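The values are calculated or read from the model by the stated rules, or taken from the named source; none is laboratory data. Only a predicted model underlies this, so the values are computations on that prediction, with no experimental measurement involved. Note that we place each Cβ from the backbone using ideal geometry, even for glycine, and neighbour counts take in every protein chain shown. What goes into the accessible areas is simple: the full protein's heavy atoms, side chains included, and nothing from ligands, DNA or RNA. Shrake-Rupley method; radii C 1.70, N 1.55, O 1.52, S 1.80 Å.
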Amino acid sequence: MKKTFLPLLTAATLAACAPTTKTPVTTAPATPETTASTPPAPPDYRAQAEEFLINYSNEYQRLYTQSSEAEWRSNTHIVAGDTSNAGNTARANGRMAAFTGSTENIVTIKGLLEHKADLTELQIKQLQTALYAAANNPQTVADVVKRRIAAEAAQTEKLYGYDYKYAGKSVTTNDLDELLRKEKNPARRQQVWEASKAIGPTLKDGLLNLRDLRNQTVQALGYSDYFTYQASDYGMSREEMMTLVRKLNDELRPLYRELHTYARYELAKKYNQKQVPDYLPAHWLPNRWGQDWSAMVEVKGLNLDPVLAKKGAEWQVKQAERFYQSLGFPALPPVFYEKSSLYPLPKGATYKKNNHASAWHMNLDQDVRSLMSVEGNTEWYETTHHELGHIYYYLTYTNPEVPVLLRGGANRAYHEAMGSLMGLAATQKPFLTGLNLVDAKTQTNETQTLLKEALNYATFIPFASGVMSEWENSFYADKLPADQLNAKWWELAKRYQGIVPPTTRGEQYLDPATKTHINDDPAQYYDYALSYVILFQLHDHIAKKILKQDPHATNYYGSKEVGTFLADIMRPGASKDWRAVLKEKTGEDLSARAMVEYFQPLMAYLKEQNKGRKYTM
């Protein structure tokens, strides 16, 4: 998901918007008695705030668009040795930073927020959003901000321009992922896994530099560290956020423990290993970080790869659009197909692109794009539905009721929840049979289907809210020493995921940095964990209250009522408090209840499978 940052007013405009007023000049000649008895009119802070916000928003949108275009080019056209994109991106982001963090803007915003009683709720929310953006770019430390932006652009070039090698040949991350899903030889699997980690050391110096620059940036506006700053976007302290994600881990721990035991024994069998290890070797799993194990299970009758390969990549994108239209959403604007980068680059292309799927709201208006590398397979089928979830969220809150500054999700996790919800909905059997992707007569094992889903959603929580969140919390807030970065990562992977590396991974490696988010979406990976919790709460409500269907076998397709429910959540953007939105729409506060309940039928099966097996978590 493309992050939203915030933009520059001229000194003259700012002066005009400053929270001071002059005593109005009267036209009639005043007698001394009148002058003495007529108090000056009180300042109209509401009018001042409105004028300031109109001017600020216009400039913000203009600079945001320029920055998005530069970032887009940096992600879609990477040429080895060419630093022009990085330079353009750094300059565009520098202009954005100078605006959002301008000292005058900060003074004006703080001045207006001292008079909340005179402002509307919408004005207060916009001003607070602008002040949050200012903290990431305060021009009181302009040199630090400038260096951070340049460092981020350089890190992105390194990250996505890296030449991965396996068996002496250049490979893409898509290639490596495919090999980890399908390769059965443990020795070759280890080589693939190690190839996927080779980029880490090249990113170490840049990441340590970014840690210091990010912390220094937000400290200028009173945040203790960058992780604390990111958590504050939820209206929570760092401690409150960590307490919340630890609670989610605890709630899902019994299920994860069963899945971990099951996986150890099943994979040992698959790879012909006589000894079942106490902890899962990282290279045994079908994912580079052990965050998604679903490829371990193939549900007979639900293997979509052959049919999707025939239909091709373009069909998947168009079909995802048709799904949203069936719920009552409009067709995508033409610009989506004209300007998105949806498919892998042709063989022999003279440049590279970022293969990590993302959705972009280029101008906070109708220019929406997606960056993907769609191929005809199940993973991209689900991803396509997910990314279009972001796109339709952008389009739905782009309406006259939502000011430019509040065109974001109710919180960051809501955006991911919407995408993941549609990914889940699009893979349930009644939905698939409705599209003739699966024959309605095909017998499928419901337990295996649920197991496959658990190996996707439930295994993700310990990685997202455990390993990633704890490591970045330690990295930014506790100033994790440079000689303990990899050790800390693997200590957390063992504690939360029960995963260990195939061989000792000393500090000459930097395995956390191989996860793109550590570099370019920092200190917010808990968004994804929270999004899964929200997704199951929304799905539970849709299945039981709207469709009156079993949550494990739903078909959203064609339900305008489901579309209305989702649009009502999307439409306000960030203009309403996220807790209020969740409570109003589902009747409950944030909780893993629905997720635990969804997978409850699986627990009896797993316990039966694991009878007599050794538990190590």
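Note on the chain: Cα convex hull, mean projected area over all directions, 30.5 nm². Normalised by 2.2 N^0.38 Å, with N the number of residues, the alpha-carbon radius of gyration of the range 97-175 equals 1.77. With all protein chains kept in place, the per residue accessible area of the chain amounts to 41 square angstrom at a probe of 1.4 angstrom. Using only side-chain charges placed at the Cβ, +1 for Lys and Arg and -1 for Asp and Glu, the dipole size of the range 331-435 relative to its Cα centre rounds to 240 debye. Within the same chain, lysines fewer than 8 places from LYS110 are excluded, and of the rest, those with a Cα less than 22 Å from its Cα are LYS22, LYS125, LYS576. Within the range 371-455, which trypsin sites (Lys or Arg not before Pro) sit in a loop by DSSP and count at most 13 neighbouring Cβ atoms inside 10 Å? The qualifying sites are LYS441.
Grab the eigenvalues of the alpha-carbon gyration tensor for the range 152-228, scale each by 5, take roots, and send me the semi-axes largest first in whole angstrom. Working shown, then result.
Values: eigenvalues 244, 36, 18 Å².
After scaling each eigenvalue by five and taking roots: 35, 13, 10 Å.
With Cα atoms as the point set, the range 498-543 shows a radius of gyration and Dmax of 16.3, 49 Å. Which entries of LYS269/LYS488; LYS146/LYS204; LYS353/LYS479; LYS269/LYS310; LYS339/LYS585; LYS318/LYS353 show an alpha-carbon separation above 24 angstrom in the structure shown? In this structure, LYS269/LYS488; LYS353/LYS479; LYS269/LYS310; LYS339/LYS585 lie more than 24 Å apart at Cα. Report, in listed order, any pair from LYS515/LYS614; LYS274/LYS611; LYS452/LYS583 with a Cα-Cα distance greater than 23 Å. Where the Cα-Cα span goes over 23 Å, the pairs concerned are LYS515/LYS614; LYS452/LYS583.
Between TYR166 and VAL171, the built amide H atoms are under 5 Å apart, and every one of these is 5 or more places off in sequence or on another chain. Partners of LYS116 within straight-line reach, counting aspartates and glutamates whose Cα lies under 18 Å from its Cα and excluding those fewer than 8 residues away in the same chain: ASP44, GLU50, GLU51, ASP577. Annotation: ASP250 carries an accessible surface of approximately 110 Å², with a 1.4 Å probe and no ligand, DNA or RNA atoms counted. In this Cβ point-charge picture (+1 for Lys and Arg, -1 for Asp and Glu), the chain has a dipole of about 1820 debye about its Cα centre. Loop-located GluC sites (Glu not before Pro) in the range 452-552 (DSSP state other than H, G, I, E, B) with a sparse environment of at most 16 neighbouring Cβ atoms within 10 Å: GLU507. Rounded to the nearest whole Hz, the Karplus-based 3J(HN,Hα) values (6.51 cos²θ - 1.76 cosθ + 1.60, θ = phi - 60°) of the range 519-533 follow the sequence 8, 10, 9, x, 6, 8, 6, 4, 3, 5, 5, 4, 5, 5, 5, with x at glycine and proline. Placing a label point 7 Å from the Cα of TYR605 along the Cα-to-Cβ direction, the residues of the range 280-313 with a backbone N closer than 16 Å are 293-303.
How much of the accessible area of the chain, in percent, comes from carbon and sulfur atoms when a 1.4 Å probe is used? All intermediate terms of the calculation are to be shown ahead of the outcome.
On the way: 13130 of 25140 Å².
Reported share for carbon and sulfur atoms: 52 percent.
Computed from the alpha carbon positions, the gyration tensor of the range 238-380 leads to an equivalent ellipsoid with semi-axes of 36, 23, 17 Å, biggest first.
The string of couplings for the range 577-587 from the Karplus curve (6.51, -1.76, 1.60, θ = phi - 60°) is 5, 4, 5, 5, 4, 5, 5, 5, 8, 10, x Hz, one whole number per residue in order, with x for Gly and Pro.
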